[in-house]
Amino acid sequence: MKDAAAMSPEDAEAAMLEGLLAGVEKTRASIAALEALELNLLATARQIAADRTSRLSDPSARAHEMPLRDIAAEFATALHANDRGMQNELHDAADIARRLPRSLAGLAEGRISRRHLRAIHEASAGLDGPELTAYDEDAAAAASEMSVNRLRPILRGLAEQAQQRPLTERHREARTQRGVFVRDLPDGMAELTAVLPVIEAHGAHDRLTRMAHLVRDAHDPETDPRTIDQLRADILSDLLLTSTAADTADAPHAGIDAVHAHVRITIPATTLLGTTDAGAELIGVSPVDAETARRLAGGSVAWTRVLTHPLTGNVLGVDRYRPSEDQRRLLRVRDERCRFPGCRMPTHRCDIDHTIDWAHGGTTHVDNLAHLCRRHHSLKHATPWRVRLGPDGVLEWTSPQGRHHRDSPASRAVFTDTADPPF
């Protein structure tokens, strides 16, 4: 160990940063343990309310609500909180303690955060019994290895695997709830909400985003200072009210109406053949029912379709209306998003980076290429972060402090016993 006085300024700063990082990690673990303790205390309070309710002789619903409302008000006034919100906290704490013991233990041990646990809890809705137990184990393990944003689509996949009702049946029922709603806001504004199937919703949002970028790129920010969010809103309004986006800025922007949505799904081969109803996936976002997957594969040219082996998840084929070169297609399928740990920026908004710089002898080969968003692409080249790409597609990142972080391609494997596929 170098004497502090003999250290260079750079070494001294690195040592200080390592100490700061270790201190923050320890603090976060302590906070997580305290949050787990708080959840257990709230769960116990909720159980007291349930016990009081069970002893009531009055069968009315109002009477049965009072013990919980009473305790919620007691806690809320002491903590300067809203009693309705506290009632929800009591309910959630009891639900987590009863249904997700492994995930709660992960919080107590400091392996996951309260945000991780909240995401696990939200995705567990509708699960019970052995399916819930398996989900709890798998979710807790996954949460300890990744950011909350990266975790959410994995949780949806785990919950989907555990569901007993087929996705096709549940989606058909959920579709009946689609609609468009308006909620008035202050200052002459209103909120327009559309509830749509996930494919259409993400396709619409992606098309609006692409059109917004086209408008912004065609205009001087000094004369058109609108943000991407504002442009999306203006284009949506114009499309709905006039069927064209041509008037969303003063200057013309040729080609905007030709912009198409870019949405990618994976489809098991047996689903296309009709031998199983294995669901597809809107990559990195949400499961897609088998009926919708077969309909998209049958002819909609606006989507990228990835045909996968139902057991191994290996890519069997990629079909696009405007295909790019083979390497780009393979990389999009493999990476799905920015390959910096914790980032979920989709590949169509990323750069393809040479892991070993081409100018330094790196080859333009898939074993030396990976998607990085603009933020992390510049971080890689402008800071001491280092990265190595393995033959299995795993990126091994090394931070300036010498810490190692692995980023694996999204798994396509489905671990289930089934008959051999018909090919």
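Coordinate-derived values only; no laboratory data. Remember, it's a predicted structure, so these values are computed and weren't measured experimentally. Don't worry about glycine lacking a Cβ; one is built from the backbone with ideal geometry, like all the others, and counts go over all protein chains shown.
Annotations for the structure displayed:
- Euclidean distance between Cα centres, segment 99-120 to segment 332-384, Å: 31 Å
- In range of the label at Ala14: residues from segment 378-405 whose backbone nitrogen is under 14 Å from the point 7 Å along Cα→Cβ: 384-386, 398-404
- FRET E, pair Met66, Ser144, Förster distance 30 Å, beta-carbon r, rounded to 0.05: 0.15
- Estimated FRET transfer efficiency when R0 is 22 angstrom, pair Arg28-Trp358 (beta carbons, to 0.05): 0.05
- For segment 57-71, 3J(HN,Hα) computed residue by residue from phi via the Karplus equation (6.51, -1.76, 1.60; θ = phi - 60°) reads 8, 7, x, 5, 5, 4, 5, 6, 7, 5, x, 5, 5, 5, 5 Hz, glycine and proline entered as x.
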